[in-house]
Amino acid sequence: MKAGPAWRAAVDDPAWRHAFAQGRRDIAGAAIGTLAMGLVAGVAMAKSGVGLGVILAMSLLVFASASQLACLPLIAAGAPLWVIVATACVLNLRFVVFSVSWRRYFGHHRRSQRMLLAYLAGDPVYAQFVQRHPQPPAAGQATPQQQGYFLGLALTNWAAWHIASLAGIFLADAIPAAWGLRFIGVLALLALALPMLTDRAVRCSALAAGAVALATASWPMGLNVVAAIATAVVAGTWADRRWSPR
Amino acid sequence: MHLGHALYVWLAVGALVGVTVLTRSFFLLPDGEPKLPGWLWRGLRHAPVAALLAMVVPDVFLSNGRLLSDWHDARLFAVGAALAYYLVRRNDVAGTILVGTGTLMLLRLGFGWP
């Protein structure tokens, strides 16, 4: 295999190892949110009445709290597959948006690598990564520092998710609903979003998006997030023309 | 479990895995640069933070689909405390989450707020 030695060489690179450790440290705060959401998803899955084998496969492979939480009741109720897929697609739309950015960092890696890296990149990974490395590499090929940093973030987040969701599945009855763990996940998303409000135009588009998401919250299948993203792009384009930032 | 039902459930889980893989790698799938109009490429810089906040804002201000009518809500104070901390200590994501979580837990478990 060609990837083996190249991978070993990367891990032996001190710059890579330093960046990996840095990524592990930087994700620690956001991992609180990942742990909370993992527990919530695990408990919801354990109490859904779906078989344990299915639950474990879902927890270990789907790796997306929002679509798991939304689609589980649909599966339990026997909803048509297309409704389940459409709901998951809408709730994962933000990852489609993130993949535009990832392309600038990993666009020239091999396709299998690109897909694996993207699969590992949940919300906290994206937010922390672009905060640390706002400038993509010139050639679309991530530097060893960026690769190490990404994997430090992503693998820590991945581990936190799986530990928490397995704990949630097996300890479902010991976790009181009164803790309101789900909202810790919301607080984590908020804390991750705040550093992304880098200039006036982005703050303006984000405000518009938040207002639209609230006003359209009753729309089915999480379509309010689609409305909010569309609003942000239109409002942001207008704001960029008006203020021409950077 | 009925065989047809078992098949349905496994198909659903497989479909969800497919959705995760395909949405996360959507613009990374083609080898060539995807062709989008220039204004859309530029406008998309506004999308990530909007997508995150769109998940947050309704969860803060809505309760069972209705706007909060009572300000005695642990969520509002948790968000307020987190924002205040973030404004004082810029870019401290961990601290922001901890302050928000601490406030939430104090009000919910200590004072029994919703």
Next item on the list: Please find the FRET efficiency linking A:T198 to A:A139, where r is the Cβ-Cβ separation and R0 is fixed at 30 Å, and quote it to the nearest 0.05.
Entry: 0.80
Check: What is the distance, in nm, between label points placed 7 Å from the Cα along the Cα-to-Cβ direction at A:W238 and at A:S112?
Finding: 4.8 nm
Note to self: Between B:H72 and A:L166, what is the label-point separation in nm under the 7 Å Cα-to-beta-carbon projection?
What the structure shows: 4.3 nm
Checklist line | Euclidean distance between Cα centres, the stretch B:82-102 to the stretch A:121-158, Å | finding: 22 Å
Check: Taking all pairs of different Cα atoms in the stretch A:10-142, averaging 1/r and flipping that mean, what Kirkwood radius in angstroms comes out?
Finding: 16.8 Å
Check: According to a simple spin-label model (label point 7 Å from Cα along Cα-to-Cβ), what is the distance in nm between A:L52 and A:I175?
Finding: 1.7 nm
Notebook entry, point to check: Remind me, relative contact order of chain B in percent, using alpha carbon pairs under 8 angstrom and six or more residues apart?
Noted result: 18 percent
Check: Considering every Cα-Cα pair within the stretch A:114-244, what fraction, in whole percent, is farther apart than 23 Å?
Finding: 51 percent
Margin query: Counting only protein heavy atoms and a 1.4 Å probe, tell me what percentage of the stretch A:122-163's accessible area is made up of carbon and sulfur.
Written below: 63 percent
Notebook entry, point to check: To the nearest 20 debye, what charge dipole does chain A have about its Cα centre, counting +1 at the Cβ of each Lys and Arg and -1 at the Cβ of each Asp and Glu?
Noted result: 640 debye
Next item on the list: Relative to the longest principal axis of the C-alpha atoms of chain B, give the angle of the C-alpha long axis of helix B:47-61, reported between 0 and 90° and rounded to the nearest 10°.
Entry: 50 degrees
Next item on the list: Excluding B:M55 itself, calculate the net charge of residues whose Cβ lies under 12 Å from the Cβ of B:M55, where each Lys or Arg counts +1 and each Asp or Glu counts -1.
Entry: 0
Check: Kirkwood Rh, chain B, all Cα pairs: how many Å?
Finding: 18.5 Å
Notebook entry, point to check: What accessible area per residue comes out for the stretch A:88-190, rounded to a whole number of Å², with a 1.4 Å probe?
Noted result: 38 Å²
Notebook entry, point to check: What ³J(HN,Hα) values, in whole Hz, does the Karplus curve 6.51 cos²θ - 1.76 cosθ + 1.60 give for the stretch A:58-63 when θ = phi - 60°, with x put for Gly and Pro?
Noted result: 5, 4, 7, 10, 5, 6
Notebook entry, point to check: When Rg is the radius of gyration of the Cα atoms in the protein assembly as shown and Rh is its Kirkwood radius, what does Rg/Rh come to?
Noted result: 0.96
Item checked: Buried accessible area, chains A and B (both chains, 1.4 Å probe, Å² to nearest 100) -> 6800 Å²
Next item on the list: Send over a whole-number figure in Å² for the accessible area per residue of chain B, probe 1.4 Å.
Entry: 53 Å²
Margin query: Give me the percent of accessible area attributable to carbon and sulfur for the stretch A:169-246, probe 1.4 angstrom.
Written below: 66 percent
Next item on the list: For the stretch A:101-120, state which residues have at least 20 Å² less accessible area in the presence of all protein chains than in their chain by itself, taking the probe as 1.4 Å and leaving out ligands, DNA and RNA.
Entry: A:R103, A:R111, A:R114, A:M115, A:A118, A:Y119
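The values are calculated or read from the model by the stated rules, or taken from the named source; none is laboratory data. Computed from a predicted model, the values in this text were never measured in an experiment. A quick note on method: Cβ atoms are made from the backbone with ideal geometry, for glycine too, and the neighbour counts reach across all protein chains shown. To get the accessible areas, we keep the full protein, side chains included, count just its heavy atoms, and leave off ligands, DNA and RNA. Shrake-Rupley method; radii C 1.70, N 1.55, O 1.52, S 1.80 Å.
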